[in-house]
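The values are calculated or read from the model by the stated rules, or taken from the named source; none is laboratory data. On a predicted model such as this, the values are computed, not experimentally measured, just so you know. Here the Cβ positions follow ideal geometry from the backbone for every residue, glycine too, while neighbour counts run over all protein chains shown.
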Amino acid sequence: MGHVDRARDFVANTERTTWHDEVLWFVRAKRDAAADTLPEWEALRDEAAGIKRDVLGRLPELWRRFEQEATAAGATVHWARDAAEHNRIVHELLRTHDVKRVVKSKSMLTEECGLNPHLEAQGIEVVDTDLGERIVQLREEAPSHIIMPAIHLKRGEIGDLFHQEMGTPAGLDDPDELTAVARRDLRARFLAAEAGITGVNFAVAETGSFVVVTNEGNADLGTALPRLHIACVGLEKIVPTANDLAPFLRLLARSATGQPISTYTSHFRAPRADDGNGGPPPELHVVIVDNGRSRLLAEPAFREALACIRCGACLNTCPVYRRSGGHSYGSTVPGPIGSVLAPSQDPARHAELPHACSLCGSCSDVCPVRVPLHHQLLTWRSHLAESGHHPRRRRLAFRIAARVLSNAGLYDRATRAGRWIARRLPSRWLDRLGGPWTRSRALPSIPAESFHQALAAREEERP
Amino acid sequence: MSIALFVPCYVDQLKPRVGLAALDLLRAAGFDVEVLDGLPCCGQPLLTAGEERLARDVATRFVEGTRAFESVVTPSGSCASTLEIHGRRLVPDPPGGRARVVELTRFLSDNGALPSPPTEFPRRVGLHASCHALRELRQGTPSETREQARTDPAAALLREIPGLELVDLTRRDECCGFGGVFAVEEEAVSTRMGLDRLSDHRRGRAEVLTSTDVSCLLHLEGLARREGPPLEVLHVAEILAETHLGAGWLETNAIRGADGSR
Amino acid sequence: MSAREKTGRKVDGDDARSEILARLEAAAPEPGEPFQRVPAPAMPDDPTSLLGARLGQNGGVLVTNASATDWPTHLDLPASPAAFAHVHCQAGTALPEHGVASRGVGLEAKAVHDLSPLDLCVLEAEFSVVENGASWHVPASALERGAALLAEHLVILTRRSRLVATLHQAYPRMTLGHTGFGWFLSGPSKTADIEQALVLGAHGPRTMHLVLLDD
Ligand code: SF4
């Protein structure tokens, strides 16, 4: 089952689709209003895109510097070529520190690497602490949005979940009350955790520091309490200097939700200070992960996707995403950016995703770092066709179409014959021949003459 | 200035009057126009399907076949964008250069002296922004960007028509969901996108739905005819022809079998 | 082919490091085009009202008409600070005559964990950012960092002379202090993960006041 089928299932629920579309459009509208507050909006996008483009040419130098500075500040830096190596490193750290309970804040990278199932298989309890992530974790499903993981769910469904999992009264669906219950439950888990795992929004080469942003403060609680902090960072997340953070942080929250900034923008450089209670000294570990990023970097057509700061704006604006839901994509990251990233990870599995797009271009215009998303999706289509990932019959059909369209005589005969037949067939038959087009749409009535014929006729009449 | 009119295949076959309108408007504006024959396609359907090599062959034929002209005008934002945005990447300039491909309303408002003033068109009109005219050719300012405002030539030409009221939309430039092969392969989402656009126009009490792209209109018209109150669908060129070339132009030029004037 | 397959020897961290760096060297594109830096925008004409509006968007409350000696009376809290059992004040922020002073378990805390529950935490910002309501703060200790998160109510003191217009002006002023940690705090802890309904107090403070003091 691919995007087409899952999207059809989603759309079949008209009410839910309307709600999903409208709530995300509302987020897009808040983003528009936030962009309106900065006259320098487009210049900021230029600057952010410029920094990222510069960074892509200097990654080895920047990461070496980061490693040097972070190590000097007391952090330990690890390198992981792929998801398996990443998971192994994290597990090894937890094992040697005798950790059984971990609190994790939202990180699309650990999601991509499948860290949770890996750790759980080794008997370690991993609790996702972002409320939305916690909800989908309890439902044993994937996030459907990169910053609003549970946006596919209605409050009633979350109420039912909490009733089952946390014993709330049946029918309780008030967001305030449900959040309060989750807060109590998670506070106990924060206090009990022996390690905190976070993602990284930006790493800074010059200072060896990194930035994590949240609204809930869950990354902060998860690193302020336990003595072990493991931060997992994708290779693309680095900027040269702390001053470079300004344009990105000015764009990020505004693009994501329309807020002027996230509630917590935390800058980490060293293990947290010791609270002096005689335990082992706190530790900070940074795991730098490739997992296909260097491969993407080597692809001139797609490398700009590495500039992505995961704001989610392209999802919110995407008319397809809003009406098909995040799960329809079947990839870690859904929406336009997900459809660009996924085929590079697994072309056979995700060959369909670049076609889950009407090429409207809204994503490219909304993107704060100017990733040319819809052009990349178009390019993917031909790359995937050339590498044998398109059905043979489909390709044959287009070869025939190309023949007709490049031969004036053939075009003329084929279209005359086509219209002659179409005008004589009962409309019931035509609708059947129309296939998916006519499932929801009436065929246009077929004119007796083409433009060229009509023109010729007219010019005969009045020469 | 040597000018050719390009009437793309689906307009040629399904909405022939749109081609006639474009031709008559250009002539009325004083241009000596040659109608392209034997070059039915810009390559777009092939390109968006992922068949870039086939698209390149078709686009090359087009570029070669039109290089004698300074401009090729077409009543299609998406064909113009295919040739201008992707065609320039796919097909290198032939020796001696290539024609610039320009969408009709852009051409008319940049160069045009349409016989003016236009006559009345007392209808409420919903203008559907073609994504390719808007976000590829930058005819207008996409709602996502904070770039310096650019006027949409289609809207500007329609605003000059007395009695014509452009309806306000809640989402002024959301995609209609046509998207070429997308309309067929992702039929369910495409349909939902189109229905949502239609209800926005209907909320604005549009009596006529128009656009610079026939492809969007075929999709929306197909949906509108299956459900809801009737909505007349006309290409911008047809409205301009009716109001600039003498009321009754639409009827005079109605094509047998076509539902252009309904 | 992985390093293990190539060399047959055990893969360790150094192999991963050099292999990744080599991949990046090989894949690196030509240097990017030069780009324009955005000039730092000027301080708006009425910084206080903009600051208040932006902070309000974050769910925080700006207190503008208070003085260094009476600010606790201007807070909109469910009880007066004197009624709270557990309070943490950053050094130099206490006002005992208004019931604002560190007390309760926090004083004897052995670990950050002992601070929970905490009613009120008072911090002092190094500076605050007008464009987004954020205040830059460098915790003096692990306890202070924890207190800012575990408290039900957060108060941050800042000064008019310490307002900067935007993040462009903020970064050149920042340090991470000796704890190697610093943060922008811009409101109460919040979530909208249930149907996009805004709820304050997701994990940390339910209210946040920013008190703007004259110098
Ligand atoms: S591609 Fe751009 S818009 Fe999409 S999530 Fe990344 S940064 Fe945001």
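Which pairs turn up if I take residues in region A:329-342 that are within 17 Å of A:ALA150 (Cβ to Cβ) and look for partners that are outside any helix (DSSP H, G or I) and within 8 Å of the ligand (Cβ to nearest atom) with beta carbon separation below 7 Å, at least 6 apart in sequence or on another chain?
Within 7 Å, the pairs are A:VAL333/A:ILE146.
On the basis of being crowded, with 23+ Cβ neighbours inside 10 Å, within 18 Å of B:VAL101 (Cα to Cα) and more than 7 Å from chain A (Cβ to nearest Cβ), does B:LEU36 make the cut?
Details: crowded, with 23+ Cβ neighbours inside 10 Å: no; within 18 Å of B:VAL101 (Cα to Cα): yes; more than 7 Å from chain A (Cβ to nearest Cβ): yes.
The answer is no for B:LEU36.
Would you mind listing the helices (runs of 4 or more DSSP H) fully within region A:1-79 where at least 1 residues are within 24 Å of the chain's Cα centre (by Cα) and within 30 Å of A:HIS285 (Cα to Cα)? Even if it seems obvious, please write down each step before you answer.
Values: elements: A:3-12, A:14-36, A:41-56, A:59-73.
In region A:1-79, the matching helices (runs of 4 or more DSSP H) lie at A:41-56, A:59-73.
Any residue at all in region A:207-215 that is surrounded by fewer than 24 Cβ atoms within 10 Å (Cβ to Cβ), more than 23 Å from C:GLN196 (Cβ to Cβ), assigned by TED's automatic domain parsing to the domain that holds A:HIS267 and touching a strand residue (DSSP E or B) at 6+ places or on another chain (Cβ under 9 Å)?
Checked against the condition, which is being surrounded by fewer than 24 Cβ atoms within 10 Å (Cβ to Cβ), more than 23 Å from C:GLN196 (Cβ to Cβ), assigned by TED's automatic domain parsing to the domain that holds A:HIS267 and touching a strand residue (DSSP E or B) at 6+ places or on another chain (Cβ under 9 Å), region A:207-215 yields at least one hit.
Out of everything in region A:345-357 that is away from the ligand (no atom under 14 Å from the Cβ) and either outside any helix (DSSP H, G or I) or small (Gly, Ala, Ser) (or both), what residue ends up being nearest to the other protein chains (Cβ to nearest Cβ)?
So, considering only residues that are away from the ligand (no atom under 14 Å from the Cβ) and either outside any helix (DSSP H, G or I) or small (Gly, Ala, Ser) (or both), the one nearest to the other protein chains (Cβ to nearest Cβ) is A:ALA356.
Could you go through region A:358-369 and let me know if any residue there is at pLDDT 95 or above, more than 10 Å from chain B (Cβ to nearest Cβ) and assigned to a helix (DSSP H, G or I). Spell out the reasoning first.
From region A:358-369, those at pLDDT 95 or above are A:358-369; that's our starting set.
Now restrict to residues that are more than 10 Å from chain B (Cβ to nearest Cβ): A:368-369.
The next check asks that each one be assigned to a helix (DSSP H, G or I); those that pass are none.
Looking for residues that are at pLDDT 95 or above, more than 10 Å from chain B (Cβ to nearest Cβ) and assigned to a helix (DSSP H, G or I), one finds none in region A:358-369, hence no.
Can you list the helices (runs of 4 or more DSSP H) lying wholly within region B:79-179 that have 2 or more residues being at pLDDT 95 or above, crowded, with 21+ Cβ neighbours inside 10 Å and aliphatic (A, V, I, L, M)?
Details: elements: B:87-90, B:104-111, B:153-159.
Hits in region B:79-179: B:104-111, B:153-159.
Being of a type in the set (Phe, Trp, Tyr), buried (at least 17 other Cβ atoms within 10 Å of the Cβ) and closer than 29 Å to A:LEU353 by Cα: is that true of B:PHE182 here?
Working: of a type in the set (Phe, Trp, Tyr): yes; buried (at least 17 other Cβ atoms within 10 Å of the Cβ): yes; closer than 29 Å to A:LEU353 by Cα: yes.
Taking the combined requirement at face value, the residue satisfies it.
Of all residues in region A:285-338, which are more than 9 Å from every other protein chain (Cβ to nearest Cβ), of a type in the set (Ser, Thr, Tyr) and more than 12 Å from the ligand (Cβ to nearest atom)?
Across region A:285-338, the qualifying residues are A:TYR329, A:SER331, A:THR332.
Residues that are closer than 25 Å to B:LEU220 by Cα, more than 10 Å from chain B (Cβ to nearest Cβ) and not in a helix (DSSP H, G or I): does region A:440-454 have at least one?
Checked region A:440-454: no residue is closer than 25 Å to B:LEU220 by Cα, more than 10 Å from chain B (Cβ to nearest Cβ) and not in a helix (DSSP H, G or I).
If the requirement is being closer than 30 Å to B:ARG146 by Cβ and either in contact with a His (Cβ under 9 Å, 6 or more places away or on another chain) or hydroxyl-bearing (Ser, Thr, Tyr) (or both), which of these qualifies: A:THR257, A:THR207? Let's see the steps before the verdict.
Values: A:THR207 fails: closer than 30 Å to B:ARG146 by Cβ.
Result: A:THR257 is the single residue among A:THR257, A:THR207 that is closer than 30 Å to B:ARG146 by Cβ and either in contact with a His (Cβ under 9 Å, 6 or more places away or on another chain) or hydroxyl-bearing (Ser, Thr, Tyr) (or both).
Any chance region A:226-244 includes a residue that's within 8 Å of chain C (Cβ to nearest Cβ) and basic (Lys, Arg)? First the steps, then the outcome.
Step one: filter region A:226-244 for residues within 8 Å of chain C (Cβ to nearest Cβ), giving A:235, A:242-243.
From what is left, the residues that are basic (Lys, Arg) are none.
Looking for residues that are within 8 Å of chain C (Cβ to nearest Cβ) and basic (Lys, Arg), one finds none in region A:226-244, hence no.
Tell me whether region A:236-251 contains one or more residues that are within 22 Å of the chain's Cα centre (by Cα) and more than 16 Å from the ligand (Cβ to nearest atom). Outline the logic, then answer.
Within region A:236-251, the subset within 22 Å of the chain's Cα centre (by Cα) is A:236-239, A:245, A:247-251.
Adding the requirement that they be more than 16 Å from the ligand (Cβ to nearest atom) leaves none.
No, the conditions are met nowhere in region A:236-251.
Any idea which of C:ALA197, C:ALA165 is surrounded by fewer than 20 Cβ atoms within 10 Å (Cβ to Cβ), in contact with an Asp or Glu (Cβ under 9 Å, 6 or more places away or on another chain) and within 10 Å of another protein chain (Cβ to nearest Cβ)?
Values: C:ALA165 fails: within 10 Å of another protein chain (Cβ to nearest Cβ).
When all the criteria are applied, what remains is C:ALA197.
Among (1) touching a Gly at 6+ places or on another chain (Cβ under 7 Å); (2) part of a strand (DSSP E or B); (3) facing chain A (nearest Cβ under 7 Å), which single condition is C:GLY187 missing?
(2)
Please go through region A:370-389 and give me each residue that is part of a helix (DSSP H, G or I), away from the ligand (no atom under 16 Å from the Cβ) and touching a residue at least 40 places away in the same chain (Cβ under 8 Å), ordered by number. Spell out how you get there, then give the answer.
As a first pass, look at region A:370-389 and keep what is part of a helix (DSSP H, G or I): A:373-386.
Next, from what is left, pick out any that are away from the ligand (no atom under 16 Å from the Cβ): A:381-386.
Within region A:370-389, A:HIS383, A:LEU384 meet the criteria.
Which ones in region C:126-158 are part of a helix (DSSP H, G or I) and not basic (Lys, Arg)?
Restricting attention to region C:126-158, the residues satisfying the condition of being part of a helix (DSSP H, G or I) are C:142-150.
Within region C:126-158, C:ALA142, C:LEU143, C:GLU144, C:GLY146, C:ALA147, C:ALA148, C:LEU149, C:LEU150 qualify.
Considering (1) in contact (Cβ under 8 Å) with a residue 24 or more places away in the chain; (2) more than 29 Å from C:ARG37 (Cα to Cα); (3) not β-branched (Val, Ile, Thr), say which one C:HIS178 fails and leave the rest.
Single failed check for C:HIS178: (1).
Scan A:ARG424, A:ARG416 and give me the residue that is modelled with pLDDT under 90, more than 16 Å from the ligand (Cβ to nearest atom) and over 36 Å from the mean Cα position of the chain (by Cα).
Values: A:ARG416 fails: modelled with pLDDT under 90.
Of the residues listed, the single one that is modelled with pLDDT under 90, more than 16 Å from the ligand (Cβ to nearest atom) and over 36 Å from the mean Cα position of the chain (by Cα) is A:ARG424.
Based on this model, can you work out whether B:VAL189 counts as touching a residue at least 24 places away in the same chain (Cβ under 8 Å) and either within 17 Å of B:LEU234 (Cβ to Cβ) or at the interface with another protein chain (Cβ under 9 Å from one of its Cβ atoms) (or both)? Can you show your working first?
Working: touching a residue at least 24 places away in the same chain (Cβ under 8 Å): no; either within 17 Å of B:LEU234 (Cβ to Cβ) or at the interface with another protein chain (Cβ under 9 Å from one of its Cβ atoms) (or both): yes.
Against the criterion (touching a residue at least 24 places away in the same chain (Cβ under 8 Å) and either within 17 Å of B:LEU234 (Cβ to Cβ) or at the interface with another protein chain (Cβ under 9 Å from one of its Cβ atoms) (or both)), B:VAL189 does not qualify.
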